[in-house]
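I have placed the structure first, in the form of structure tokens, so that the comments after it can refer back to it.
The values are calculated or read from the model by the stated rules, or taken from the named source; none is laboratory data. On a predicted model such as this, the values are computed, not experimentally measured, just so you know. Glycine gets a Cβ as well: all are built from the backbone with ideal geometry, and neighbour counts include every protein chain shown. Accessible surface areas use protein heavy atoms only, side chains included; no ligands, DNA or RNA. Shrake-Rupley method; radii C 1.70, N 1.55, O 1.52, S 1.80 Å.
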Amino acid sequence: MLGKLSLDAIPLSQPVPLVAGAIVVLIVLGVVAWIVIAGHLPYLWREWITSVDHKRIGVMYCLLALVMLIRGFSDALLMRSQHALAYKAPGYLPPEHYDQIFSAHGVIMIFFGAMPFMIGLMNFAVPLQLGVRDVAFPTLNSVSFWLTASGALLVNVSLVVGEFARTGWWPAPPLSETTYSPGVGVDYYIWAIQISGVGTLLSGVNLVTTILKMRAPGMSYLRMPMFCWTALASNLLIIAAFPILTATLAMLALDRYMGFHFFTDSQGGNSMMFMNLFWAWGHPEVYILALPAYGVFSEVISTFSGKPLFAYRSMVMATMAIFILSFMVWLHHFFTMGPGGDVNGVFAITSMIIAVPTGVKIFDWLFTMYGGRVRFTTPMLWSLGFMLTFVVGGATGVLLAIPPADFVLHNSMFLVAHFHNVMVSAVLFGAFAGYAYWFPKAFGFQLDEWWGKAAFWFGISGFVIVFGAFYWLGLLGMTRRMQHYDVADWRPWILISAFGVLVMMAGVVCQVIQLVVSIRRREQLRDVTGDPWDGRSLEWATASPPPVFNFAALPEVHGEEAYWTIKSRAREQMRLRDEPAYAPIEMPINNPTGVVCAFFATLIGFAMIWHIWWLAALGFAGAFLTFVVFAWRDTVEYEIPASIVARVNRANRATRLEALQGASQRRAA
Amino acid sequence: MPSRRASVSKAGAIVLVGLGLSGCQQHNLLDAKGPVGAAEANILIIASVIMLVIIVPTMIATLVFAWWYRASNTKARYRPDWAFSGRIELVVWSVPLLTIIFLGGIAWIGAHRLDPGTPIESERKTLEVQVVSLDWKWLFIYPEQGVASVNELVMPAGTPVRFSLTSSSVWNSFFVPKLGSMIYTMRGMVTRMHLMADQEGELYGLSSHFSGDGFSDMNFPVRTVSEDGFGAWVRQAQGEGTRLDRASYAELAKQSTADAPRRYGSVEPTLFDGIVAQTVPPGPGPSAPGTVPGVRHKGGT
Amino acid sequence: MTDTDLDRHQTDVAPGEEYPEEEIGKGIRGYLIGLALASLLTVCSFAMVRANFVWAPAIPVAIIVFAIAQMGVHLVFFLHITTGPDNVNNVMALAFGVLFVVLLIGGSVWIMNNMNANMMAGPMPGTHAH
Amino acid sequence: MSSTAAVTPLRGDPYHLGHAGGGHGESRATGRGTGGPAPKRIIVAYGFWIFILSDIVMFAAFFAAYAVLAGGTADGPKGAELFDLDNVAIETALLLLSSFSCGMAALALGARRMLPFQTAMLVTFILGAGFVALEFLEFRDLIERGAEPSRSAFLSAFFTLVGCHGLHVSIGLLWLLTMMAQVLTKGFRPDIARRTLCFALFWHALDIVWVGVFSVVYLMGAAP
Ligand code: HEO
Ligand code: HEM
Ligand SMILES: [Cu+2]
């Protein structure tokens, strides 16, 4: 009846995961109880959970990401403290638990931290920047989000029911085959990633269609903000790469569930094929994460330098070059499997070529600041921190792309340092920059700058300490994924990195405090005009937070920087644009398709993990039924009357006019 | 390998170590103890230096531009419309491109010259060593000498060694940082690698590909000895008597951690080929929970 | 920019806008041509394997060529990829798709062939000293 | 800046390759230049087209696995011993004809003609179901002869690739029925018409994948 599930699945003998899991469960239950008791549930259900508004969905993505980043960071704390204790000693985390921690850390950080953050930012900002009302398929968007959340939920369930994979964030066979991983850990991995992967793929389809087919009048390709370009490239990569992951994990699942022989080491199976297919997805994946972050930096650096992005077209070219190249380099993750000189050589060169367009981007950001008026706000600090540290991480990437160098650095702590160097500095800093940059747009008040800057300084110092030490450990021959070690030479560096993590933790704490403080001081931090940073693209042309319909009338775009052109004209003429003729607006109705689908997806996943076949069948039937019910709806849109549109827009116009006049008086004084 | 290169790399290593990082020499792979490692360290250092030449000025420029053009600096000229310069774009594309062409050349040549399959030239006859990664220990078979050792690699300095590697179960990667190159060990397949030690001493070897719960203990001492010393070691091993055949191998292949080094006095000659051809049963993987010393299992099955 | 401009753009993009319907007769003709060409190519492919008048090693090559041709026929006559609206985007997307498919299959086969060759049991295959 | 020309509905093929002005926004094409967001019909069809391309990449991964593992027969049966090309030829004919009838359904949909539409869809369903049935019988026969997917890597890859296509066709059949019911109950509403066109796209794309399957798997596998 319950498949493999029994009471044994709860790790009663293991205090650490149990206590951690219990705390998480208690917190979640507490939050849920509070929501219900305080009567917020109907509001949440109506306005958020069933929302199909791209802004709300974007915010929920980012929230999910923030929570999961904290979970991932606590895993990192566990790992560093284990290492600090595990010199010639077993430490406090036995291998079977430690192995789950680094696997969960990698999975959570990449799939449920970095991915949702980037997708959330794109969801939030891209339609606004394009000057349109929503994404192409609003309900699908909600499905995507909830499927991602479902995957995240499964990973966290594994903490208390059963175990998570002990095979790293890429479950390489034969270790991940049933013979060597008989537990449910790898199954949790497979189903969590498959479910969230479908969500990611759908959101990729959604955003690509939005960008290619829905832009404000006059917004031609070469007038799109840079962030839209990088979002386009990133989502095209999602569409091209995620199906490979889906197929690969399906093959692994068939091996594990039905005795197939794709990657086994007998009956003609080929375990090297897994690495090949996995990295054919895995490498594009890192650019799926990095590209939107590059877009955020482009927006931030240009805004806070008070200048257009330098060499915009070069940037576009570089973005698209990275997009195509990223599909031609995947072998650099297994130079040391022995493919031979020719294959290694070709993939080494294609890998290194990516340094050219990336370098162009770095230099163009540099020249965006040149001749500008740089304001050191929190988003700008994160961007500068990125530029300073990313070049090092990129260079070590190029180093690893040289096969003879990789022969001694592969799988070492040097590699760990490389990928954190690029992922933390590009993806994480990019996420934080975007978060601080668009927060006032989303909520109508700014984040507290003091705590934001504190978070930045702690974050970047800790980061340099931790991963500087990792680089050196790699040169001392230390490999990754070690649970304990007995080499005296490594010890000082491991202790240094443990110290660095504490510094980073201070940064994390500041980041949390920043949010709390900002919410409490929201009245002082209020952004009334909708344009707190003197922005240049269309999201700043509407109120903060934007109305559901984003724009009272779709803005007409002239010139490369849509809003800057409008604003400059307003400043010259000392008057706003003429009021548009207000017309009623049709918007999609909120509906629970997404969350219901995700509910069934979670059921399916959980049932498959524990071999509860009837439950899985039930889940599939439920999911299909949801689709049919959704497809059977007759009214999918509601109308917002012109009077409301006018009221909302006039309020915003009034504050803007005030700001405009205020600015001119200041200039005159 | 030309020794001049090795000395360049040593100089580089010493420079790096000189940056206040002394005391770590013992494991530093930049200070390699064999021609392969030395050449790789050399490439690593040269490539790093070349890239630093671009990276460091870029970082400095970032700081300088950001600081000089800060909003409060009234001396800096504000050029709000300056957004393109053909000359700058030319430089910006061509400098990385040229650098990459150069580094790409190094990568291409290095990928061939230092491919692990490439033999090392020497007057001395190449020693054959067969390597089997087990859960979780290393087995080294010396087919010409007819001996084998567990968790201890002994090799004569100055003699090229040809490793043929496979695995009894999951993947591992054979790596002696100070000798250079690593390579995967995979069941049913043979990878090949050539290494040589320059001098006598004791080095550290380990697995660099995660292989499960006992992975952290998959390290082994590498003793590089004189030719006579090697002969003596072989004789000593032969004297120890126990034989490595299919039966004792099956015993060995079971999961265990942190096994002390030990030797086999004779080896069934076709054992390695049998492991590769999978006529010898694979390592059995985890047995019932709690039966493997040092490895506890958590629920879930 | 005037109000009427904005207004026009709004009505211009009203959802649900449809293009004038196709003429049925013309449509059927297209599908018929497609069906005929596709059948022809399929028959050729199958005949290639059945009949033994072709030099054996050439057969797979011929099959691949026929397959590519037939995929083209389907794209043109059934999916209307060359005549559908907003063609540039459709074709660009298809081109990227084809590029990635070729890279993935071609790359995998090339890589795995080299790996397998290098990892065969027995003596070193083609010991390449340089 | 703007001209009234944009308002006139566009016919024929104004977007042919090489159309000038793609870069600078002076093109009047919807979704590309000054025209603003494209009409829903185009958005939906394009989104689905992108999805199909991603599906084809997934098939490519299975094809790659098949290409690499086809030699891994583990001394078990090889393709040439297993494949029945007559059966494959019938399957191919069924699918090709169903593609044609699906095209007819699309035309009837465009002309808003209920009976021809339902008839063409029904024919498509029967042909598609015939295909699935034949494939099912083939699989059953193979398994009975001991050539089950867990026998060898080659058979694993074969069953997965061909089975994945068969699964797609089966899902397509389910979708087809849903569309028939929707058109019947709700008529040719624009949103339902859009969905039906997506279905047609899906069905044609599956036929393209099948061309790859019968060529690479069956014909090349059966070739000596
Ligand atoms: C966001 C993530 C991200 C990014 C952006 C990158 C960027 C790069 N990576 Fe990295 N990587 C990332 C994430 C990862 N990489 C990995 C592993 C990895 C490996 C495999 C090593 C091994 O397993 O042994 C190689 C060879 C590279 C190469 C590169 C290169 C060449 C780049 C280039 O894109 C960098 C380009 C940037 C440069 C170079 C700096 C700016 C350029 C300037 C200033 C111009 C002048 C410079 C030159 C001419 C050199 N990466 C892994 C390991 C996964 C695992 O094993 O678990 C991960 C997660
Ligand atoms: C914020 C501070 C972070 C710290 C201190 C940290 C620390 C670590 C440590 C100690 C490891 C294990 C290294 C080993 O194998 O021995 C690790 C692995 C990893 N980390 Fe992080 N990490 C951080 C953030 C991130 C972020 C933001 C990401 C991704 C976006 C990330 C992705 C990964 C991945 C993919 C692995 C590899 C897991 C594996 O080996 O399977 N980390 N990290
Ligand atoms: Cu990569």
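A few remarks follow.
- Put A:E658, B:E227, A:E163 in order of accessible area, highest first, and with a 1.4 Å probe you get A:E658, B:E227, A:E163.
- Of all lysines in the structure, the ones whose alpha carbon falls short of 30 Å from that of B:K33, not counting any fewer than 8 places away in one chain, are A:K88, B:K10, B:K125, B:K137, B:K178.
- Distance between the 7 Å Cα→Cβ label points at A:A33 and A:E639: 4.8 nm.
- With the biggest extent put first, the Cα atoms of the range A:567-630 measure 70, 24, 10 Å across the principal axes.
- Take the Cβ atoms of B:R79 and A:R526, set R0 to 25 Å, and the FRET efficiency comes out at 0.15.
- Alpha-carbon Rg/Rh ratio, for the protein assembly as shown, with Rh computed the Kirkwood way: 0.97
- Chain A: relative contact order as a whole-number percent, Cα under 8 Å and 6+ apart: 18
- Qualifying aspartates and glutamates (Cα of each under 14 Å from Cα of D:K186; at least 8 residues distant if same chain): A:D634
- A compact globular protein would have a Cα radius of gyration near 2.2 N^0.38 Å; the ratio found for the range D:40-222 is 1.12.
- Computed over the range B:162-213: relative contact order in percent, which uses C-alpha pairs under 8 Å that are six or more apart: 44
- Accessible area of D:I171 in the full protein assembly, 1.4 Å probe (Å², nearest 10): 90
- Vicinal HN-Hα couplings computed from phi for the range B:202-216 (Karplus, 6.51 cos²θ - 1.76 cosθ + 1.60; Hz; Gly/Pro x): 10, 10, 10, x, 7, 8, 10, 10, 3, 9, x, 4, x, 4, 4
- Solvent exposure of the protein assembly as shown amounts to 35 Å² per residue of accessible area, where only protein heavy atoms count and the probe is 1.4 Å.
- Compactness relative to 2.2 N^0.38 Å, alpha carbon Rg of the range A:115-233: 1.35
- B versus A: buried accessible surface, summed, Å² (probe 1.4 Å, to nearest 100): 8500
- Filtered trypsin sites (Lys or Arg not before Pro), the range A:533-607: DSSP coil and at most 14 other beta carbons within 10 Å: A:R575
- Helix-only mean residue ellipticity at 222 nm for chain A, each DSSP H run of n ≥ 4 adding -39500 (n - 2.57), per residue, nearest 500: -22500 deg cm²/dmol
- Ordering A:M1, A:M482 by accessible surface, largest first, gives A:M1, A:M482; the 1.4 Å probe counts only protein heavy atoms, with every chain in place.
- Gain in span if fully extended, B:I101 to B:E251, counting 0.36 nm per residue against the direct Cα distance: 48.7 nm
- Accessible-area composition of the range D:40-222, carbon plus sulfur, in percent [1.4 Å probe]: 70
- Given in Å, the Rg to one decimal and the Dmax to the nearest whole number for the Cα atoms of the range B:127-277 are 13.9, 39.
- Value of [θ]222 nm, deg cm²/dmol, for chain B, DSSP H segments ≥ 4, -39500 (n - 2.57) each, nearest 500: -12000 deg cm²/dmol
- Centre-to-centre, using Cα atoms only, the range A:165-221 and the range A:40-78 are separated by 18 Å.
- For the range D:61-135, the percent of C-alpha pairs falling in each 10 Å distance bin, counted from 0 to the bin holding the largest distance, reads 18, 29, 26, 17, 9, 2.
- Label-point gap, in nm, between A:M320 and A:L502 - each point 7 angstrom along Cα→Cβ: 5.2
- Shielding score for D:66-79, defined as the mean number of other chain Cβ atoms within 10 Å: 4
- Heavy-atom accessible area with a 1.4 Å probe sorts B:L271, A:L495, largest first, into A:L495, B:L271.
- Take the Cα of C:K26, step 7 Å toward its Cβ, do the same at A:I23, and the gap between the two points is 7.0 nm.
- With 29 Å as the limit, the listed pairs A:K4/D:K78; A:K361/A:K453; A:K307/A:K441 have A:K4/D:K78 beyond it between alpha carbons.
- Averaging the Cα positions of each part gives two centres, and for the range B:119-135 and the range A:301-360 these lie 38 Å apart.
- According to the Kirkwood relation over distinct C-alpha pairs, the hydrodynamic radius of the range C:27-99 is 13.7 Å.
- Computed over chain A, the Cα gyration tensor eigenvalues convert (square root of 5λ each) into semi-axes of 41, 30, 24 Å, ordered from largest to smallest.
- Förster radius 51 Å - calculated FRET efficiency between A:M1 and A:R647, Cβ distance, rounded to 0.05: 0.30
- Peptides A:101-112, B:248-259 ranked from most to least packed give A:101-112, B:248-259, packing being the mean of other C-beta atoms within 10 angstrom over each peptide's residues.
- Percentage relative contact order, the range D:40-222, counting C-alpha pairs under 8 Å, at least six apart: 35
- Net dipole in debye of the range D:40-222 [+1 Lys, Arg Cβ; -1 Asp, Glu Cβ; about Cα centre; nearest 20]: 1180
- Rg/Rh (Cα only; Kirkwood hydrodynamic radius) as it applies to the range A:328-406: 1.15
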